Every structure is written in C-alpha cells, then in structure tokens.
Amino acid sequence: MAKRHVIVGGGTSGWNAITTIREIDRGESEIVLVSAENPYSRMVLPYYLSREIGEAHVFTASETRLEALGVETRFGRRAASLNPNDNKLILDDEEEIAYDDLLIATGSSAVRPQLPGADGANVHSFWTLDQAREVTASLKPGVRVAMVGAGFISFTILNALLKRGAELTVIEIAPRILPRMVDDTGAEIVQGWLEERGVKILAGAEITSIEDASGGGKILKLKAGADIEVDLVIMATGIKTNLEWLEGSGVEVNGGVVINDHLRSSESNIYAAGDVAEGPERVGEGKAVHATEPTAMQHGRVAGANMAGVDTAYEGSLLVNIVDVLDLEIASFGNWDDEEAEVIQAVKKDRPAYRKLLFEGGRLVGAILLGRTRDIWATNDAGMLKGLIQSGCDLSEWKEHLRSNPFDIKRAYLAVGAAETLLPETLLGRPSVPERDIAVQQ
C-alpha cells in the first residue's frame with residue numbers, strides 16, 4: 001500500500017515539501033494537500049499591490065500542475081483538529097483524513113491591536129491575497145494612507161503604496177521604526193531617508209481609537225498629539241501562528257511547534273515547517289521561530305526529504321531580513337541585537353551608509369547593513385555578511401582590519417575562505433532539481 005503524506009498548508013513550506021517528495025519518489029506515494037486557498041506566494045503581494053505583476057503571477061501551483069504531480073487537494077478547507085493516536089486529521093467539514101505522516105505548514109495570520117475601531121470599514125491588514133485585493137482596490141493617486149506599525153511587514157509594501165501615489169503616514173508605538181530589524185542608529189538613518197522623500201513618521205505614538213470621519217475617511221486618535229485624518233488605514237502590527245487547531249493533540253507547542261533537526265515534532269511522524277515551526281538556529285544552540293521566506297523554503301525541503309525516506313538533518317535557520325525602501329537597502333542578519341557581543345560599527349552620513357558587525361570571539365554572529373541600492377558594494381556586502389555568519393569562518397586575524405575599515409567586507413570574506421566553505425554546501429546533500437523538471441512516473 002502506498003504511503004500517504006498529508007500536507008496542511010499550501011504556502012512556501014507546503015509547496016516545497018510537495019515538490020521535494022515528488023523529486024525523490026516520482027509519484028510512488030500519495031500526497032493530500034489541505035489548504036484554505038490555492039497555493040500562492042505571499043512574498044510577491046507587494047508587486048501585485050504596485051501593479052508590477054497581475055494576479056495570475058501570484059499563484060505558485062495551478063490545479064493542473066498539482067494533478068500532474070499526483071496531489072489530491074482539499075481546497076477551501078481548514079484543519080479543525082488532529083488525532084495523532086489514530087493518525088487522523090479532522091477538517092472543518094468533519095472529514096477525517098488518515099495519514100502515515102503529516103506536515104504542519106499552516107503559516108501565520110495578521111493580528112490587530114485591541115483598540116476601538118480597529119475592525120471598522122477602510123481598516124485593512126496586508127498578509128493574504130484577499131487582503132491584498134482589498135487594499136489594491138482602495139488605492140488611487142492622492143489617497144491618504146496611515147500605516148500602523150513600522151516593522152518589516154509595513155516596509156515590504158511601502159514602495160508599492162508610494163508608487164500608487166499614496167500620501168503616507170507611518171505610526172509606530174515603539175520609540176523607533178523597524179524596532180525588530182535595526183538599532184537606533186539604523187532607524188535614525190532610515191527615518192531621515194523617508195522623511196526627505198515625503199513620508200511622515202510618528203514613532204513613539206500610541207493610537208487610542210480609530211473613528212469614522214465625514215466622507216468615509218478615518219480619524220486616528222492619539223494618546224498625545226493631534227488627530228490624524230486619512231482615507232485608508234493599513235494595520236501592520238504583527239502576526240500570530242495558525243496553530244489553534246492543535247489544541248488537545250499532544251503535539252508540543254511553545255512559540256511554535258517544537259521541532260528537531262529533522263523537522264520532526266514531539267510526534268515522530270508529524271513534521272512542522274515555516275512560520276509555525278520553532279526549530280534549530282544556525283547561530284547559537286537554541287530554537288526559534290523565524291517567520292521568513294528562506295526559512296520556510298528550507299524547512300519545506302528538509303521535511304519533504306525526511307517524509308520521503310531520505311534521512312536529512314537541518315543545520316538550522318539564520319534570521320535574515322532584507323528590504324529595499326525607496327532605493328535604500330536595509331538588512332540585518334543573525335544576532336544583530338546581541339547586547340553581549342563585541343561590536344564594530346561605522347556610519348557614512350553623506351551616502352548614507354551604515355555597518356554594524358557583532359562578534360563572539362572570532363566569529364561574526366550578527367550584522368546590520370544600510371546603503372543605497374544603486375551602490376553595488378551595498379548589495380554585494382549583504383550577501384558576504386550573510387555568508388560570513390552562515391559559514392562561521394574564523395575572522396580573528398581580520399577583526400582589527402574591520403575595526404578600522406568596517407566597509408571593507410570583501411577582503412575578509414575572500415581571505416577566510418567563506419565562499420569555499422559555502423559553495424559545496426547543499427540543503428539536501430545534492431543539487432536541487434528545478435521545479436519545472438519534477439514529474440511523476442507514468
């Protein structure tokens with residue numbers, strides 16, 4: 001009897017698990033995909049918002065493609081509960097699906113603060129395709145938009161809003177913008193860059209309510225300061241894991257489903273990947289939830305390989321956040337906020353540019369980079385800093401040089417052999433097969 005894999009969630013992790021299983025077994029197993037929506041890429045939604053791509057380009061796998069891969073689908077359905085003792089998944093329409101192994105890849109949802117008016121008309125989140133459709137339909141040149149939250153989520157769509165002609169005000173309750181991505185110095189540079197280009201920034205501002213204005217607009221009441229009247233409010237105030245359906249299952253959950261280096265949960269035939277998974281980190285010995293696209297892809301492929309019977313260990317995820325805002329590259333890697341690390345940093349205000357390097361002994365464990373996108377060294381340095389952290393190469397002999405020349409990353413990168421260390425490294429121990437070339441045996 002063919003082995004049955006059940007994938008719960010059609011996002012990046014779920015799709016990568018499916019293609020990896022089929023890359024290995026060529027159709028010898030059964031795959032059942034349970035997803036509330038047809039698979040699409042959340043990372044391209046900002047380009048949909050800016051109208052650089054059409055909606056058809058948002059989707060990652062058509063029903064025709066899934067059928068060709070031998071995937072049985074349950075679209076429009078959600079997981080309601082899980083019974084590991086009987087190896088059964090129960091859906092929201094009470095259907096029971098038996099499995100040999102199961103991947104939890106249900107992703108995350110946008111959350112809104114508990115304040116009056118947060119769920120009213122013309123107040124939107126931007127996390128799903130449906131939400132992106134709502135925001136896209138509401139935009140027109142000159143529309144006044146308030147972005148509540150100045151974190152990574154809001155910055156991914158900032159360019160698109162301005163490209164569509166919005167007049168943008170960003171409101172952040174924390175004392176600085178991008179509080180979970182850059183430090184005070186980095187935030188000051190980014191805020192100045194945005195304000196010079198017409199974006200209003202209010203950091204350290206607390207909203208007490210959102211009220212209706214005449215003509216269909218909204219009024220944001222602040223704890224201190226003048227009211228803000230806009231046409232549209234976008235909430236970018238964080239996300240939560242979609243794991244309510246696991247209550248009572250016995251699967252261990254902390255910040256996410258706790259997994260080992262094979263992506264297995266506390267139940268050996270249940271895996272977790274992506275935003276819902278709390279797994280090994282590349283830097284350090286702990287576990288963390290890294291809700292990023294690279295981690296979701298890596299998790300999906302490693303889980304898929306193990307589900308297909310290929311023993312594959314995962315070295316751990318690296319926290320990586322990179323965003324381009326109005327031609328300013330902003331990036332942070334690893335333990336960029338480690339207060340106990342040795343720090344080397346420098347600012348070039350005229351460019352503007354910023355480097356912050358964090359060391360534990362001779363190892364680079366975290367970094368912050370800011371620089372103009374058109375400066376080729378900024379883009380190159382982002383990749384090299386990530387590589388130095390990921391490879392764990394010993395930089396002891398180069399620390400003094402970097403202390404004097406923190407913008408000269410290339411020489412250190414080449415000298416310690418980071419490229420040679422990383423080039424042979426593959427996620428599954430072999431080169432990947434392009435998705436278009438994966439097919440089932442007839």
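Filtering the stretch 24-43 to residues that are over 14 Å from Leu66 (Cα atoms) and among the aliphatic types (A, V, I, L, M) leaves Ile24, Ala36, Met43.
Please tell me if Ile31 is touching an Asp or Glu at 6+ places or on another chain (Cβ under 6 Å) and more than 30 Å from Asp324 (Cα to Cα). If you could, list the steps in order and put the result at the bottom.
On the way: touching an Asp or Glu at 6+ places or on another chain (Cβ under 6 Å): no; more than 30 Å from Asp324 (Cα to Cα): yes.
No; evaluated as a whole, the condition is false for this residue.
Applying the condition of being small (Gly, Ala, Ser) and touching a helix residue (DSSP H, G or I) at 6+ places or on another chain (Cβ under 8 Å) to the stretch 398-416 and asking which residue is nearest to Lys348 (Cα to Cα) yields Ala412.
Picking from residues in the stretch 248-271 that are in contact (Cβ under 8 Å) with a residue 24 or more places away in the chain and acidic (Asp, Glu), the one that is surrounded by the fewest Cβ atoms within 10 Å (Cβ to Cβ) is Asp261.
I'd like to know if the stretch 355-372 contains one or more residues that are out of contact with any strand residue (DSSP E or B) (no Cβ under 9 Å at 6 or more places or on another chain), more than 30 Å from Asn16 (Cβ to Cβ) and in a loop (DSSP other than H, G, I, E, B).
No, the stretch 355-372 has no match at all.
Somewhere in the stretch 396-407, is a residue in contact with a Gly (Cβ under 6 Å, 6 or more places away or on another chain), in the same structural domain as Leu369 (by TED's automatic domain parsing) and either over 19 Å from Val320 (Cβ atoms) or in contact (Cβ under 8 Å) with a residue 24 or more places away in the chain (or both)? Yes, some residue in the stretch 396-407 is in contact with a Gly (Cβ under 6 Å, 6 or more places away or on another chain), in the same structural domain as Leu369 (by TED's automatic domain parsing) and either over 19 Å from Val320 (Cβ atoms) or in contact (Cβ under 8 Å) with a residue 24 or more places away in the chain (or both).
Mind listing whichever residues of the stretch 5-56 are farther than 18 Å from Ala439 by Cβ and either among the β-branched types (Val, Ile, Thr) or outside the structural domain of Glu72 (by TED's automatic domain parsing) (or both)? Answer for the stretch 5-56, where residues must be farther than 18 Å from Ala439 by Cβ and either among the β-branched types (Val, Ile, Thr) or outside the structural domain of Glu72 (by TED's automatic domain parsing) (or both): Val6, Ile7, Val8, Thr12, Val32, Val34, Val44, Ile53.
Say we look at the stretch 368-399 and pick out the residues that are of a type in the set (Val, Ile, Thr) and loosely packed, with under 15 Cβ neighbours inside 10 Å; which of these is modelled with the highest pLDDT? Steps first, answer last, please.
Here is the first cut: in the stretch 368-399, the ones of a type in the set (Val, Ile, Thr) are 368, 373, 376, 379, 389.
Applying the additional criterion that residues be loosely packed, with under 15 Cβ neighbours inside 10 Å yields 373, 376.
Numbers: Thr373: 89, Ile376: 68.
My answer is Thr373.
Table: residues versus (1) assigned to a loop (DSSP other than H, G, I, E, B); (2) without any contact (Cβ under 8 Å) to a residue 40 or more places away in the chain.
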| site | (1), (2) |
| --- | --- |
| Gly10 | yes, no |
| Asn16 | no, no |
| Thr20 | no, no |
| Asn38 | yes, yes |
| Ala56 | no, yes |
| Glu94 | yes, yes |
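Within the span defined as the stretch 191-200, one or more residues are surrounded by fewer than 21 Cβ atoms within 10 Å (Cβ to Cβ), touching a Leu at 6+ places or on another chain (Cβ under 8 Å) and of a type in the set (Phe, Trp, Tyr). Among the conditions (1) over 30 Å from Ile153 (Cβ atoms); (2) buried (at least 17 other Cβ atoms within 10 Å of the Cβ); (3) not polar (S, T, N, Q), the only one that Arg26 does not satisfy is (2).
Quick one: in the stretch 21-62, of everything that is of a type in the set (D, E, K, R) and in contact with a Phe, Trp or Tyr (Cβ under 8 Å, 6 or more places away or on another chain), which residue is nearest to Gln131 (Cα to Cα)? Full working, then the answer.
Of all residues in the stretch 21-62, those of a type in the set (D, E, K, R) come to 22-23, 25-26, 28, 30, 37, 42, 51-52, 55.
Those left that are additionally in contact with a Phe, Trp or Tyr (Cβ under 8 Å, 6 or more places away or on another chain): 37, 42, 55.
Numbers: Glu37: 13, Arg42: 11, Glu55: 13 Å.
Across the stretch 21-62, the extreme among qualifying residues is Arg42.
Scan the stretch 413-442 for residues that are assigned to a loop (DSSP other than H, G, I, E, B) and small (Gly, Ala, Ser) and the total you get is 4.
So that you can scan it fast, the table gives a plain yes or no per residue for (1) assigned by TED's automatic domain parsing to the domain that holds Gly151; (2) of a type in the set (Ser, Thr, Tyr); (3) surrounded by 15 or more Cβ atoms within 10 Å (Cβ to Cβ):
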site	(1), (2), (3)
Gly76	no, no, no
Ser81	no, yes, yes
Asp86	no, no, no
Leu89	no, no, yes
Asp93	no, no, no
Tyr99	no, yes, yes
Leu102	no, no, yes
Ala105	no, no, yes
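Where in the stretch 210-319 are there strands (runs of 3 or more DSSP E), lying fully within it, with 1 or more residues that are at pLDDT 95 or above and over 20 Å from Thr12 (Cβ atoms)? Quick ask: steps written out before the conclusion?
Numbers: elements: 218-222, 228-230, 232-235, 239-241, 270-272, 277-280.
Fully inside the stretch 210-319 and qualifying: 218-222, 228-230, 232-235.
Which residues, taken from the stretch 336-379, are closer than 17 Å to Met181 by Cβ and among the charged types (D, E, K, R)? Residues satisfying the conditions are Asp337, Asp338, Glu339, Arg355, Lys356. Candidates Val283, Val365, Val302, Val325: the one that is surrounded by 19 or more Cβ atoms within 10 Å (Cβ to Cβ), touching a Ser or Thr at 6+ places or on another chain (Cβ under 7 Å), under 30 Å from Gly107 (Cβ atoms) and among the β-branched types (Val, Ile, Thr) is Val302. Against the numbered list (1) touching a Ser or Thr at 6+ places or on another chain (Cβ under 9 Å); (2) modelled with pLDDT of 95 or more; (3) under 22 Å from Ile330 (Cα atoms); (4) surrounded by fewer than 21 Cβ atoms within 10 Å (Cβ to Cβ), Leu402 comes up short only at (1).
The values are calculated or read from the model by the stated rules, or taken from the named source; none is laboratory data. Just so it is clear, the model here is predicted, and its values are computed rather than measured. Cβ sites come from the backbone with ideal geometry, for glycine too, and all protein chains shown count toward neighbours.
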